[in-house]
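Input: a single structure, listed below in structure tokens.
The values are calculated or read from the model by the stated rules, or taken from the named source; none is laboratory data. These figures come from a predicted structure and were not determined experimentally. Quick reminder, even Gly has a Cβ in these numbers, built from the backbone with ideal geometry, and neighbours come from all protein chains shown.
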Amino acid sequence: MFFLVIFIFNCAAKAGLSLNISDSCPSMCKCAPEEVIHCNRAGLRALPGEIAASTVSLNLSNNYLRILTTNTFRNLTFLHSLWLDGNNLTFLSPGTFHALSKLRELDLSRNSRLTYLHANTFRGLLNLISLDLSHCNIFEIHPLLFSHLPSLERLNLASNNMRYVPQAFSNLSSLTRLSLESNHIEAIGRDSLKDLESLYDLNLRKNRIWIIQNGAFTRLLRLGVLNLGHNFIADLPNQLFNGLIQLKTMHLEANRITDIDCTFRLLLNLRNLYLNNNQISSISDSAFSYLNKLHFLHLSKNNLSSLPLRLFVELPKLKYVFLSHNPWKCDCKMFWFLRWTAMFRGALEGLDCSFPNRHNTTALGGPQPGDPMDCTAPPELESKDKCGAAGISVAPGPPAPTSEVFLLVAICHTWYFARRWDTSAHPIC
């Protein structure tokens, strides 16, 4: 039997046949027995001719490839994954990938000379699931560019030079993740995203967005994560996020927002809300009404001096609240918050605030206007609610504190703040 095998091998060799993938492995590449070829960082300026037709995965990252033609991959019909990131690609001929009907993952990122893609660039990629075009220099996308990708689920267009949302998403009915981060987009139109009904994760972070038309998100009924952080958004109209009934995480940090009214009222599944690093000075009483699943709230680095009385009344799931770096004014308007924190069982950070105690007020010669010791007749707390006209029911707030309670807090403030309001820390408190 041994001699028979040797005889067959010698005959195959004389006939020029290959019995091992390593026989078709380019010398500058590394090949695995599972038909995976790694030619990354190999100094390639053209595709090696020795690549086996049975190759399933081909890594050509970080080389010097410039132009791909219709013949470049014509024999690699079994490819499932193709990495072309970090090359010098300047042009992709129409139909470059037409023979790769089994391809599922294509990475073209970090090709800084790639500025434009022909409408037929991706023709033939009927089973492509993931496409990465990030960190290129694309400034315009043909409306039909993605029309040949019915199976696409993940599309990365981050860090390009686009100034508007491409009108090229009409056939991407399977798309679940889309990143347009770090472009130069200034506006989101009413119809910009209307065809992305399966989208779950939309990343528009680090653009120049300052205009969002009402209705822009109406069709995104499955969206779970929306990132609008680090933009120029100043206004949040009450109907802005209508349609986002499944939204779980909202990023609006590092914008120019000054007040919060009823914008979030219909986000019934919202769990995480990032509003930090804005210019918020006013929040409506009913701003977070109906957010029964809200778990995490970030309001640090704003211009808040107080919070409305009913703000946290309807947030039974709230566990994490961040409030640091705000100019808090600890007077009668904020006394309700002290009482609320005594019952709050989650993590609260950043309220750099302490009420004057009895010794301090004595040293000052008596109660000062706005101090708790001056709250013997609690004032009507000013309501900032602007949602009443929109049909929002306002839950009753906690009862107004009595003068005795204010006096008790004046005595115990040291224990409350030094020990994070642990009421068991002092027998009187």
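Consider only pairs whose beta carbons are under 7 Å apart and that are at least six residues apart or on different chains; among these, list those whose first residue lies in the range 200-213 and is farther than 21 Å from SER173 by Cβ and whose second residue is in a strand (DSSP E or B).
ARG205/ASN227; ARG205/HIS251; ILE209/ALA187; ILE209/ILE188; ILE211/ALA187; ILE212/ILE188; GLN213/ILE188
Identify, from the list LEU304, LEU309, LEU270, the residue that is assigned to a loop (DSSP other than H, G, I, E, B), on the phi < 0 side of the Ramachandran plot and in contact with a strand residue (DSSP E or B) (Cβ under 7 Å, 6 or more places away or on another chain).
Just a single option satisfies the conditions, and that option is LEU270.
Tell me, yes or no, whether the range 261-269 has at least one residue that is of a type in the set (Phe, Trp, Tyr) and either closer than 21 Å to LEU202 by Cα or touching a Ser or Thr at 6+ places or on another chain (Cβ under 6 Å) (or both).
yes
Return yes or no: is ALA52 surrounded by 17 or more Cβ atoms within 10 Å (Cβ to Cβ) and either at pLDDT 95 or above or in a loop (DSSP other than H, G, I, E, B) (or both)?
Yes; evaluated as a whole, the condition is true for this residue.
Testing LEU92 on (1) buried (at least 21 other Cβ atoms within 10 Å of the Cβ); (2) modelled with pLDDT of 95 or more, one condition comes back false. Which one is that?
Looking at each condition in turn, LEU92 falls short on (2).
Read through the list (1) in contact with a strand residue (DSSP E or B) (Cβ under 8 Å, 6 or more places away or on another chain); (2) on the phi < 0 side of the Ramachandran plot; (3) surrounded by 17 or more Cβ atoms within 10 Å (Cβ to Cβ); (4) of a type outside the set (Ser, Thr, Tyr), then give the number of the only condition that ILE67 fails.
It is condition (3) that ILE67 fails.
Tell me which residues, restricted to the range 188-224, are over 19 Å from LEU155 (Cα atoms) and not in a loop (DSSP other than H, G, I, E, B).
Listed by number, the residues that qualify are ILE211, ILE212.
Looking only at the range 21-35, decide whether some residue is modelled with pLDDT of 90 or more and not in a loop (DSSP other than H, G, I, E, B).
Yes, the range 21-35 contains at least one residue that is modelled with pLDDT of 90 or more and not in a loop (DSSP other than H, G, I, E, B).
Looking only at residues that are in a loop (DSSP other than H, G, I, E, B) and surrounded by 21 or more Cβ atoms within 10 Å (Cβ to Cβ) in the range 167-180, which one is nearest to the chain's Cα centre (by Cα)?
Once the filter is applied, the top-ranked residue is LEU180.
Does HIS148 satisfy being touching a residue at least 24 places away in the same chain (Cβ under 8 Å), within 18 Å of the chain's Cα centre (by Cα), surrounded by fewer than 21 Cβ atoms within 10 Å (Cβ to Cβ) and in a loop (DSSP other than H, G, I, E, B)?
no
Within the range 56-69, track down each residue that is farther than 17 Å from LEU128 by Cβ and either more than 35 Å from the chain's Cα centre (by Cα) or among the hydroxyl-bearing types (Ser, Thr, Tyr) (or both).
Within the range 56-69, SER61, TYR64, THR69 qualify.
Quick one: is LEU236 crowded, with 18+ Cβ neighbours inside 10 Å and either assigned to a loop (DSSP other than H, G, I, E, B) or of a type outside the set (A, V, I, L, M) (or both)?
Criteria met by LEU236.
Out of (1) outside any strand (DSSP E or B); (2) in contact with a Leu (Cβ under 7 Å, 6 or more places away or on another chain); (3) modelled with pLDDT of 95 or more, the odd one out for LEU131 is which?
Result: LEU131 fails condition (1) only.
Can you name the number of the only condition in (1) modelled with pLDDT of 95 or more; (2) small (Gly, Ala, Ser); (3) within 27 Å of ARG154 (Cα to Cα) that SER281 fails?
(3)
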